[in-house]
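Structure first, commentary second.
The values are calculated or read from the model by the stated rules, or taken from the named source; none is laboratory data. Predicted model, so just to flag it, every value in this text is computed and none were measured. Positions of Cβ are backbone-derived with ideal geometry, glycine not excepted, and every protein chain shown enters the neighbour counts. The accessibility values were calculated without ligands, DNA or RNA, using every heavy atom of the protein model including side chains. Shrake-Rupley method; radii C 1.70, N 1.55, O 1.52, S 1.80 Å.
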Amino acid sequence: MNLEAYQTILDDISLDSDKNYLTLQLPIYGMAIDERKLFSHFESELGSRYWFRSKEDAYNIVGIGYLESIRRDKYSAFSLSKEKDALYDKIQKVRLEEGLPSRLSLFGGTRFDTKDSTDEWNDFAMVEFHLPKWQFDLKNGVLFYTAVISEVDLQTVLGDIVSELEAIENAELKADGKPVINMEKDLFPGEWKALVDRTVDVLDEMSFRKVVLARQRLITFKSSADPLFLLERLDNEKGTYTIYYEKGKSAFISKSPEKLFDIKGDKLRTNAIAGSAKRTHDCEQDELQKSFLLNDEKNRYEHEVVRESIVHDLEPYSDWVEYDPKPGILENKYIYHLHTAIKATLNEDTDVFDLLDAIHPTPAVGGLPKNKAREYIMKEEYGTRGLYAAPVGIIHEDNDSEFVVSIRSMLIQANSATLFAGCGIVKGSSSEKEFEETQVKFTPMLNVLEANDG
């Protein structure tokens, strides 16, 4: 880190009084900094921290301290786009070294639907994206430090940053270990199975083809779960998205296999993921499971419904959409899914918030027709989904972005964790088999808590 050269750059700039914030971009590669050290050092920022790591290792970002947020109680693509542009326009950006492969981003998401929130989701607005004071790009070794411009001293700011970085490197990791479970129970299991049976009776193959029904499991602890323990456990499973999102007194956690979409320039990539089978880690049995998935009529139908819907939703915003009509297998640690990669070239005036509104919820987490399924879920499903199965991700200054469908997730508050899992219900579904499927889908979060039977 060439501090003398960086100070020369700062000596030559003038702070823009028309801006609200100054962002300094500088390299931190070679420094012994990771997620756990950051959360340990910035313990005082509890409730204002996030970790977002993408499945394909495109991003590994930790944000600390929410300086300003876009926050709305009603989704409006037009308003959100204007607010995003206005927030980025408030920032004076100074790159202290050329060619750094990273960009400042906003992190956040939107709830699954507009159902009146129960108390457990009160910390999270309907739509919310955050500008952090500290944004660490751990993949590329880059730091974005953002401060209120009227409070910046250009002669001392570099020294302050270096002091913090050195303290982070020397941070002591004092995790409390896994939380001791006091109680674990499924919420409304009999009622949920009865809902599945009633739903099968109202579904058909034309006007109401599919609906995804989610259920919950509650786990209480003798003391609160330590964030450092949770971060360590989240790092245990590779090949999925990792979300650890603190807001107020809540933490939302997800190990999702499912990308909603990513955008780079005018190129969008997304996936159809639907249809699932348990992974046993017995080679012979797992080959049978994969063959079953590829040939099972119910799972293939469920997958094709999802793919058709996503392609249909993209068409108004795209000049070109491409996909393989034959699905493949997506392998995760505990479960297999049918998978189809989808690519699109976006129209020039397409905005990321328009796409969020158009694509979410996919039939993999909502149903088909989308609006009918969403209304059915809001009316009939037990509990409130909040951020479960909702879009969570990052947005850069332009349209470039990456969003996750935040399944395989849980909400942690005080001494409890609420786990979420859902499955697609179509004509002919069995409530007992669907219940067993959701049991498998709880496994990633049970593993994070070390609460699984294995």
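Data table
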item	result
Scope the range 398-408; condition in contact with a Leu (Cβ under 7 Å, 6 or more places away or on another chain) and assigned to a strand (DSSP E or B); matching residues	Phe403, Val404, Val405
The listed residue being within 30 Å of Asp319 (Cβ to Cβ) and either surrounded by 18 or more Cβ atoms within 10 Å (Cβ to Cβ) or not hydroxyl-bearing (Ser, Thr, Tyr) (or both), out of Ile273, Ile253, Ile243	Ile273
Count - residues of the range 305-315 that are open to solvent by 60 Å² or more (accessible area, probe 1.4 Å) and at pLDDT below 90	1
Test result for Asn271, at pLDDT below 90 and either assigned to a loop (DSSP other than H, G, I, E, B) or more than 20 Å from the chain's Cα centre (by Cα) (or both)	no
Of residues in the range 117-146 being among the acidic types (Asp, Glu) and open to solvent by less than 30 Å² (accessible area, probe 1.4 Å), the one nearest to the chain's Cα centre (by Cα)	Glu128
Of residues in the range 165-174 being open to solvent by 30 Å² or more (accessible area, probe 1.4 Å) and either touching a Leu at 6+ places or on another chain (Cβ under 7 Å) or in a helix (DSSP H, G or I) (or both), the one modelled with the lowest pLDDT	Leu173
The range 348-380: number of residues that are touching a residue at least 60 places away in the same chain (Cβ under 8 Å), part of a helix (DSSP H, G or I) and aliphatic (A, V, I, L, M)	7
Subset tally (residues that are surrounded by fewer than 23 Cβ atoms within 10 Å (Cβ to Cβ) and modelled with pLDDT under 90) for the range 349-367	1
Residue among Gly454, Gly428, Gly424, Gly383 that is more than 20 Å from the chain's Cα centre (by Cα), more than 30 Å from Lys90 (Cβ to Cβ), at pLDDT below 95 and assigned to a strand (DSSP E or B)	Gly424
Per-region count, the range 216-247, residues in a strand (DSSP E or B), farther than 25 Å from Glu331 by Cβ and among the basic types (Lys, Arg)	1
One residue from Glu397, Glu450 being within 26 Å of Ala77 (Cβ to Cβ), out of contact with any strand residue (DSSP E or B) (no Cβ under 6 Å at 6 or more places or on another chain) and open to solvent by 10 Å² or more (accessible area, probe 1.4 Å)	Glu397
Residue ID - farthest from Leu143 (Cα to Cα), chosen from residues in the range 31-48 that are among the charged types (D, E, K, R) and touching a strand residue (DSSP E or B) at 6+ places or on another chain (Cβ under 6 Å)	Glu45
Enumeration of residues in the range 185-210 that are of a type in the set (D, E, K, R), under 27 Å from the mean Cα position of the chain (by Cα) and open to solvent by 80 Å² or more (accessible area, probe 1.4 Å)	Lys185
Strands (runs of 3 or more DSSP E) within the range 33-120 that include 3 or more residues farther than 18 Å from Glu397 by Cα	49-53, 60-72
The one condition in (1) at pLDDT 95 or above; (2) under 30 Å from Glu258 (Cα atoms); (3) more than 23 Å from the chain's Cα centre (by Cα) that Val162 fails to fulfil	(2)
Selection count, the range 316-342, where residues are touching a strand residue (DSSP E or B) at 6+ places or on another chain (Cβ under 7 Å), within 16 Å of Ile359 (Cβ to Cβ) and surrounded by fewer than 13 Cβ atoms within 10 Å (Cβ to Cβ)	0
Answer from Gln439, Gln413 - the residue that is under 21 Å from Phe107 (Cβ atoms), of a type outside the set (Ser, Thr, Tyr) and open to solvent by 20 Å² or more (accessible area, probe 1.4 Å)	Gln413
Which listed residue is small (Gly, Ala, Ser), modelled with pLDDT of 95 or more and buried (at least 18 other Cβ atoms within 10 Å of the Cβ), from Gly63, Gly47	Gly63
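Quick grid of which residues meet (1) more than 20 Å from Phe261 (Cβ to Cβ); (2) touching a Ser or Thr at 6+ places or on another chain (Cβ under 8 Å); (3) in contact (Cβ under 8 Å) with a residue 40 or more places away in the chain:
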site: Glu45; (1), (2), (3): yes, no, no
site: Ile64; (1), (2), (3): yes, yes, yes
site: Glu97; (1), (2), (3): yes, no, yes
site: Pro101; (1), (2), (3): yes, no, yes
site: Arg111; (1), (2), (3): no, yes, yes
site: Asp119; (1), (2), (3): yes, no, no
site: Glu128; (1), (2), (3): no, yes, yes
site: Leu131; (1), (2), (3): yes, yes, yes
